[in-house]
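Quick notes on the structure that follows.
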Amino acid sequence: MLLAAFDSISKYFPDTGTRALNSVSLDINTGEVHALVGENGAGKSTLARILCGFLRPDSGRIVLRGREVQFYSHKDAERAGIGYVPQYSMLAHGLTASDNLALGHEPRKLGIFYDRRRAEYDFLLLAERFGFSVDPLKTVLQLSQSERRELEIMRALARAGDILVLDEPTSILGEKESSSLFTLIRRLKKSGLAIVYISHRSGEILDIADRVTVLMDGKLKSSVDTKELTEQSLAKLIVSADLSFAKAECKTKVNAGKTVLELEEISLNSSIDKLSLAVKSGEIVGITALDGNGLEELESMLSGEKSPDSGKLRILGMEPGAMAGKKRSHHTVAYLPTDREARGLCMKASAGLNAVAAKLYDFGFAEYARGRSPLTEAERMLAGFGVKAWQRRRIDSLSGGNRQRVMAARELDGQKALVIAANPAQGLDAAARSLVFERLSAMRDEGSAVLLLSSDPEDAASLADRSFALYRGSLLPLEAGSAAWASSLTGAE
Amino acid sequence: MKLFYFTLFDSLGYFAALSPVIVGALASDYVGRLNIALEGLILAGAFTAAALGARFGLAAGYLGAMAAAGILAWLADKFSQKSGADSFVVGLGLNMAFPAFASILSLVIFNTKGVMPLGHLLSGRLLPGVEPGSSFFSVFNLRYSDYASIASMLALAMIMQCTAFGRRAIALGMKEDAVLMAGLQPGSIRSRALLLSGLAGGAAGASLVASVGAWVPNMSAGRGWIALVAVYLGGRQLFGSLLAGFIFAFLLALATRAQSFLALPTDILMAIPYFLTAISMAFGPAFSKKNY
Amino acid sequence: MKKISFRSIKDTGPSASALRLVLSGSASAVLVALAALLLSKQPGTAMKAFFITPFASATAFLSMLELAAPLALCALGVVISFRAGHFSLGGEGQAYAGSFAAALFALFMPGASGFFAVVMAFALGALAGALVAAIPAAGSRFAGTEVLLSSLLVSQGFIYLIDWAISGPLRDSSRNLIAMPPVPEAMLLPRLAPPSTLSPAPFLALAMCFLASFYFERTRTGSAHDLYGRNSRFAKLQGYNTRLFSWLPIVASGAFHGLAGAVMVLGLRGSAIRGMSGGIGWSAIGVSLIASSKPSALFAAAFLFAWLDAGARQASILAELPADSGMAIKAMVILVIGIRPALMKLKRRHL
């Protein structure tokens, strides 16, 4: 039975200039698990946020049970029966499970006091009805990842009982925890709920979804019954990138030299699992992953922000913690972080200072004081990446793409033993992207070891000499050819 | 033993006026806007209590003090939200402004910028005729104003711990997203928490006036800052913070009483609680929950 | 010969500090006029005390410069710690310690005189301020303690200790003031233009502001210092000595406060007086906010506050303006310039 219809929804973000959704339509039926799939940035999350009232579409209609509705807030969507389970935990970690469930709708005693017992009772009632087993008295901190996920599902169910939107619910769960989640989803489906399931793991989609809607670059690509799909064909639908041209043009002979970066069976809580890798000088190694497979965690260990729970991580024979500080300033390691605003740039300083920040002490005292040399040096570095005459602009007045260029100008200048480039093309247009990639190739040819971490498979395909897919914290080697890539990225067997 | 009772008595007296401020500071800290203007707000409350109390009696003074300080704190929060001014800068400005304004108004109202005795505002003791602090029971022979202060602390603590609003404020400090997911407005929760911290400052100020029976310039004497330190040392927990505040009060009382048996002058003894507290800050919150 | 660039790499367009100064100056003028009209019994005389008397004679003007000197030095200390991201509030105790140390030197070395003695007194003052700041700095360096509250506590503790010393064992009981014995004439800063109180202190403050400006705008470490204060994670990734920045700016800030305290003793006050540092720490933070943390604008901002202080004192004597009006106006100015970020946001364009 048709429950809700989303008709030609469009959304444009003027800030970033992206057309996130372009006339996308979606039907939701009762008792059905409807998977919403697509690559990173295909528009899945935007669509989900519109479904749940967090965002308003620029155009398009939402028809619920035959009536057109408008959502001005998530509360409106909840009242209409649509509940949301976010990808990352949105629970107050120090409060108990029942407190979290009651938040915003607290039962009261005498009109003002929070009725804790009543909240616990309501919690147990709901748990009983849907078969949840979370302890209402435990704080969120004491709950396991899958219990937290269950709690968030309970929260959505408590407010809205018709449609449940699950945003990549398994991204932080292990295999076992995932399968218990699937049991739960099946049970919910049987009770007549409609479930919108966002994911890019082909195996689990075939496992639980009835229908699959594929988004690509903000457009509806296809909507298929899962019975007609195999894991391979679904994987091909999800990973749209045309990877067949991969490695056609940049085939200089790889002269892999000595090992610069070495990972030996490193693990980090549940996100990275005994990962081993060696990157040698004169090669570009690409690691690509869809969201929630451990790429961020891997980056945080490589940058020295987090230490692996077990295993060894060595850069030029040293731990990354020791690499930070003095060593880095001797231009041995370049690092382009994904979170450039937080760590890659100093937002309240000029573009010029950001560019020369790593080589401040290369200038002599008098040279720096005169002010001319740093300026010309910054000009030279920035010009190399197409940023002209903006040495004195504050970084926070520049667009995302230009910020990325400033950061690349600093990090990819001169010779480095190791380059760790995490999503180096984020926010860049095609021209700037090829500029950065050419520079990375050139650095490889000069003998740098380059590790490319990218959530965009095309990056790895067009640049790397060797590529891996990171899936659930483990590396799978990638061979050229589209089908195999898609399978590895989505975990298709 | 007697000395111990005296010290306990003194510390209870100091703690009484400090305690609502601690809970107020905690309320502001819960919502992520540690109210550094508390010191000034206590003074604003004290002055309002003195000025209104002088004419309309102590009850009016209490109410006026809480209303004035509460509204000022709320307005300051609105001001920094609307104008984009840094809440730290606004707090500093207010801490400078309130003593100055109190002094100016004191000149206008009381015709003095110094101490203004207001004997009729001095509240009585619980057990009149019993020498305070001479025996165990007389330790609790505080003034009514001290009990009023403790009562306002308990009321505030009840609001923070036992009401829906308190749950929401605590949740907001832990994760703003949780509050948003619950369909609530973080901004309004913040403003109300700041209002509460102002009310607390006002109550403390009024009870200071009532326990001294006078308006004294700068009578807040750093209580606002001590409350912030107590919240830090107490690991942002109600009981921990109150305990930290009490320990500080005890140290201060001990320093005052110690003159009688130590050959050290007051000023030196008074310095000790501050140093001890500063040093203990280096060891971090004493009552923090792990895994935060 | 290489050319010197007028603007350094750190400039980000026209400076906001000039605008801020103008804004603060006009806000002060408006507030002064309001205060005179509302609070004084003789508004005309009060206005005159603010707007005419201080500028009518060289003596009055030069004395204001002298008054601004310690304030500017304290504010410089504030800038140094705030620009490293350490919001130290303990300036008052550090300045007081500086005063105390300078007076102590005068007490125990009464024979010392001339340039050397002044330098020694200043150095000891700076050292004392630095020592007071060293405790919260150590907390920051070794335990990661926020200096905001720890500096305030330590400062208060030292205020008590110094209060004791000044009013107890070291008190000059022959005077009505609760103060240490006066500093010998020969050790005082020379009066450059009697009858005004002008001494070399304002020039020292100006020189220090110039040096600090050079440090922040034209040296490598100054740039790294700024980058650390704005984004410490970024600074760490650039390989700067972030350990050093986690404590040294706090100590340096204490040294400048201490120097300011010593300047007060050898200059205007002539002795260490109980409670002499009253409120200077807070005023200095206000000054640094008005100067938008630019050392080049600090002296002008300090002068603005000195003008408010001097004017308020005059007006309170001549026109019965409440003595704390100056403080109230200063506080209001701080609140007014707090609105500035909102204005800046409106102006900022995106590329």
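The values are calculated or read from the model by the stated rules, or taken from the named source; none is laboratory data. All of these numbers come straight from a predicted model, not from anything done at the bench. Cβ coordinates were reconstructed from backbone atoms using ideal geometry, including for glycine residues, and neighbour counts include every protein chain displayed. Keep in mind that these areas ignore ligands, DNA and RNA; they rest on the heavy atoms of the full protein, side chains included. Shrake-Rupley method; radii C 1.70, N 1.55, O 1.52, S 1.80 Å.
Legend: mean number of C-beta atoms from other chains within 10 angstrom of residue C-beta atoms, peptide B:225-238, equals 2. Hydrodynamic analysis of chain C uses the Kirkwood radius over alpha carbon pairs. Inserted into Stokes-Einstein at 4 °C and 1.567 mPa s, it gives a translational diffusion coefficient of 62 µm²/s.
The mean of 1/r over all distinct Cα pairs in the stretch B:169-292, once inverted, gives the Kirkwood hydrodynamic radius of 17.0 Å. Amide H contacts under 5 Å for A:A449: A:G282, A:L418, A:V419, restricted to partners 5 or more places along the chain or on a different chain, H placed in the peptide plane at 1.01 Å from N.
Between chain A and chain C, the total buried accessible area stands at approximately 3600 Å², from heavy atoms with a 1.4 Å probe. For the stretch A:2-238, relative contact order (Cα pairs under 8 Å, six or more residues apart, normalised by length) works out to 29 percent. Springs join every pair of Cα atoms under 10 Å in this Gaussian network model of chain C, and among C:I317, C:I280, C:I329 the largest mean-square fluctuation is at C:I317. The calculated pair-distance distribution of the protein assembly as shown uses every alpha carbon pair, bins of 20 angstrom beginning at 0, and gives 11, 35, 35, 17, 3, 0 percent. Of the trypsin sites (Lys or Arg not before Pro) found in the stretch A:39-73, the ones in coil according to DSSP and having at most 16 other Cβ atoms within 10 Å of their Cβ are A:R65. Gyration tensor over the Cα atoms of the stretch C:73-221: the corresponding equivalent ellipsoid has semi-axes (square roots of 5 times the eigenvalues, largest first) of 29, 23, 12 Å. For the stretch C:46-62, 3J(HN,Hα) computed residue by residue from phi via the Karplus equation (6.51, -1.76, 1.60; θ = phi - 60°) reads 5, 4, 4, 4, 8, 9, 10, 3, x, 10, 6, 10, 4, 4, 5, 5, 5 Hz, glycine and proline entered as x.
Under the simplified labelling scheme, the C:E146-A:K227 pair shows an inter-label distance of 6.1 nm, with each label point 7 Å from Cα along Cα→Cβ. For B:T163, the residues whose modelled amide H falls within less than 5 Å of its own, excluding neighbours fewer than 5 places apart on the same chain, are A:Y114.
A 1.4 Å probe run over chain A, with the rest of the protein chains in place, finds 40 Å² accessible per residue. Give me the percent of DSSP beta bridges within the protein assembly as shown that run antiparallel, rounded to the nearest 5. Percent antiparallel among DSSP bridges in the protein assembly as shown is about 60.
Under 5 Å from the amide H of A:L21 lie the amide H atoms of A:K11, each residue being 5 or more positions distant or on a separate chain, with H modelled from the backbone and absent for Pro and chain starts. Tell me the net charge near C:Y96. Cut-off is 11 Å between Cβ atoms, C:Y96 excluded, with +1 for each Lys or Arg and -1 for each Asp or Glu. Summing Lys and Arg as +1 and Asp and Glu as -1 gives -1. Couplings 3J(HN,Hα) of the stretch A:74-83, computed from phi: 5, 4, 4, 5, 4, 4, 7, x, 9, x Hz, in residue order, whole Hz [Karplus 6.51 cos²θ - 1.76 cosθ + 1.60, θ = phi - 60°; x for Gly and Pro]. Sparsely packed loop sites in the stretch A:336-413 (the trypsin sites (Lys or Arg not before Pro) outside DSSP H, G, I, E and B with at most 10 other Cβ atoms within 10 Å) comprise A:K388. For the protein assembly as shown, carbon and sulfur atoms together expose 60% of the accessible surface, with a 1.4 angstrom probe and every protein chain in place.
Only Lys, Arg, Asp and Glu carry charge here, each on its Cβ (+1 for the first two, -1 for the last two); on that basis the protein assembly as shown has a dipole of about 2200 debye about its Cα centre. Computed from the alpha carbon atoms alone, the convex hull of chain A holds 164 Å³ per residue. Kirkwood hydrodynamic radius of the stretch A:2-238, from the reciprocal of the average inverse Cα-Cα distance over all distinct pairs: 18.4 Å. Per the accessible-area calculation with a 1.4 Å probe, the total area buried between chain B and chain C rounds to 3400 Å².
Its Kirkwood hydrodynamic radius, worked out from the mean inverse distance over all distinct Cα pairs, puts the stretch A:73-214 at 15.6 Å. Along Cα→Cβ, 7 Å out, is where each label goes; now give me the distance between the ones at A:E305 and B:L126 in nm to one decimal. Simple spin-label model gives 5.3 nm for this pair. Peptides C:250-263, B:180-193, A:81-94 ranked from most to least packed by the mean count of surrounding Cβ atoms within 10 Å: C:250-263, A:81-94, B:180-193.
B:A214: net charge of surrounding residues, Cβ under 14 Å, Lys/Arg +1, Asp/Glu -1, itself excluded?
Net charge in that neighbourhood comes out at +2.
Taking the Cα atoms of the stretch B:14-228, the ratio Rg/Rh between the radius of gyration and the Kirkwood radius comes to 1.01. Starting from the Cα of A:K176, draw a straight line to each of the aspartates and glutamates and keep only those under 17 Å, dropping any in the same chain fewer than 8 residues away. Answer for A:K176, where 17 Å is the Cα cut-off: A:E147, A:E150, A:E168, A:E204, A:D207, A:D273, listed by chain and number. Counting only other chain Cβ atoms within 10 Å of each residue's Cβ, the peptide A:346-353 averages 6. When the pairs A:K221/A:K306; A:K359/B:K82; B:K2/B:K113; B:K78/C:K236; A:K219/A:K348; A:K312/C:K236 are compared against a 30 Å limit on Cα-Cα distance, A:K221/A:K306; A:K359/B:K82; B:K2/B:K113; B:K78/C:K236; A:K219/A:K348 fall above it. Rounded to 0.05, the FRET efficiency of the C:F210 and C:A18 pair, given R0 = 22 Å and the Cβ-Cβ distance, is 0.85.
For the stretch C:75-90, putting each phi into the Karplus relation 6.51 cos²θ - 1.76 cosθ + 1.60 with θ = phi - 60° gives couplings of 4, 4, x, 4, 4, 4, 7, 5, 6, 9, x, 9, 8, 7, 10, x Hz, in residue order, rounded to whole numbers and with x for Gly and Pro. Protection proxy ranking of A:29-36, C:73-80, by the mean of other Cβ atoms within 10 Å over each peptide's residues and highest first, is C:73-80, A:29-36.
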